[in-house]
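Everything on this sheet refers to the single structure shown next.
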Amino acid sequence: MPGLNPPPDDPFAPAAAAGVHRIAIPTPFAVGRVNVYLIADEPLTLVDAGPNSGTSFDELQRALEALGHPLEAIELVVITHHHIDHLGLVSLVASRSGAEVAAIDVAVPHVEGFSEEAEADDDFASRVMLRHGISDDVVSALQSVSRAFRAWGARADVTRVLHDGEAIELRDRSLRVLHRPGHSPTDTVFLDEQRRMLIAADHLLAHISSNPLLTRQRDGSSGRPKALVAYIESLRRTRELDVELVLPGHGDPITDHRALIDERLVLHRRRAEKIYRLIAERPRSAYELAQALWGNIAVTQAYLTLSEVLGHTDILLDEGRVRELEDDGVVRFGAVVR
Ligand SMILES: [Zn+2]
């Protein structure tokens, strides 16, 4: 249980000293615990809430009490993005406390229409998987897994709509709202310019490269959004921020965001080149590319790895080095001969 003051060697101690308390909430996902942040200010603010489960709720409640702020005292819940490990408990926290719920404009339909949106996202994911070489049985298995996981999410009413660039004013601080699409289309980071502190959620993680998950376009177009291309652009913008502490959605804080972002940019460049070499050998589907890179992939990881591959083929497509060859509804990527 977190105490009032973390020990001085705790990497979250500088944040806690500034009134931003990390609470790690259990999730049923491979990523492990999710970081929720209590900002001891006025209004008393919670950033994200954790997944919708009894265990997670109990832990959240106990941790808040240990910090001297009962859950009922929360006045504002801020959502970083619509993924269920962050969003699931928002509605319950809001109903128990009467807190306002704030989210960026583009997140509102995902948050308020959670079930229908998740269903439509799954349909989109299934079509993408079939189109890129994943077999029917894997696709339907993954659909059942996804449906089962959906119980860890829940819709919430957004009572305060945020816009990119505006600031949330608290008594002792101001948080600049910055849209950073890529990991999800709704990713939002919150910048405390004065303390040079950034609450970044899953936009930047220290221990794993944040996956740019392929997500359905909301403008009704059927095309595949270029999640990794958008993510890299978002990383470049975050790189320019003058911050010394980044508080992520999972794992430990980041103290040198520029070095980490540079590492990520190099990793994506290398991976794109590796994928290009595989494509230059012979045309391959995204699924075949994923297998060539990572071997036999667990069913639950199929969409994540496919998103990862397609992110990189998007880069190569944009550079004019590969093209899509469609045969019988399945896409293979082939090298452009120049
Ligand atoms: Zn996420």
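Structure data summary
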read-out	value
Failed item in (1) in a helix (DSSP H, G or I); (2) closer than 24 Å to F124 by Cα, with L265 passing the rest	(2)
The listed residue being over 24 Å from Y303 (Cβ atoms) and polar (S, T, N, Q), out of T215, T159	T159
Tabulated pairs, segment 188-211, first in contact (Cβ under 8 Å) with a residue 12 or more places away in the chain and more than 20 Å from V106 (Cα to Cα), second more than 16 Å from the ligand (Cβ to nearest atom) and among the small types (G, A, S), C-beta under 6 angstrom, 6+ apart or interchain	R195/A18
Residues that are in contact (Cβ under 8 Å) with a residue 60 or more places away in the chain and either over 15 Å from S209 (Cα atoms) or touching a strand residue (DSSP E or B) at 6+ places or on another chain (Cβ under 9 Å) (or both), drawn from segment 225-237	K226
Meets criteria (farther than 23 Å from G19 by Cβ and modelled with pLDDT of 95 or more) for V145	no
Filter pass, S126 being farther than 29 Å from L325 by Cα, polar (S, T, N, Q) and either away from the ligand (no atom under 16 Å from the Cβ) or in contact with an Asp or Glu (Cβ under 7 Å, 6 or more places away or on another chain) (or both)	no
Residue count for segment 26-47, restricted to those that are over 16 Å from the mean Cα position of the chain (by Cα), part of a strand (DSSP E or B) and either among the aliphatic types (A, V, I, L, M) or over 16 Å from A102 (Cβ atoms) (or both)	3
Any chance A99 is more than 16 Å from the ligand (Cβ to nearest atom) and buried (at least 17 other Cβ atoms within 10 Å of the Cβ)	yes
Matching residues in segment 184-208 - criterion: being at pLDDT 95 or above and within 10 Å of the chain's Cα centre (by Cα)	T186, D187, T188, A200, A201, D202, H203, L204, L205
Residues that are within 15 Å of the ligand (Cβ to nearest atom), in a helix (DSSP H, G or I) and either closer than 8 Å to D48 by Cβ or of a type outside the set (A, V, I, L, M, F, W, C) (or both), drawn from segment 76-93	D85, H86, L87, V90
Of the criteria (1) touching a Gly at 6+ places or on another chain (Cβ under 9 Å); (2) at positive phi, which one G68 fails	(1)
Subset of segment 242-262 (residues that are part of a loop (DSSP other than H, G, I, E, B) and surrounded by fewer than 18 Cβ atoms within 10 Å (Cβ to Cβ))	D242, E244, G251, D252, T255, D256
D157 vs. criteria surrounded by fewer than 17 Cβ atoms within 10 Å (Cβ to Cβ), modelled with pLDDT of 95 or more and in contact with a Ser or Thr (Cβ under 9 Å, 6 or more places away or on another chain)	yes
Count of segment 310-337 residues which are of a type in the set (V, I, T) and outside any strand (DSSP E or B)	4
Residues that are of a type in the set (S, T, Y) and over 17 Å from R131 (Cα atoms), drawn from segment 295-311	T300
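The values are calculated or read from the model by the stated rules, or taken from the named source; none is laboratory data. In this text, all values refer to a predicted model and were calculated from it rather than measured experimentally. Counting neighbours? That spans all protein chains shown, and the Cβs are built from the backbone with ideal geometry, glycine included.
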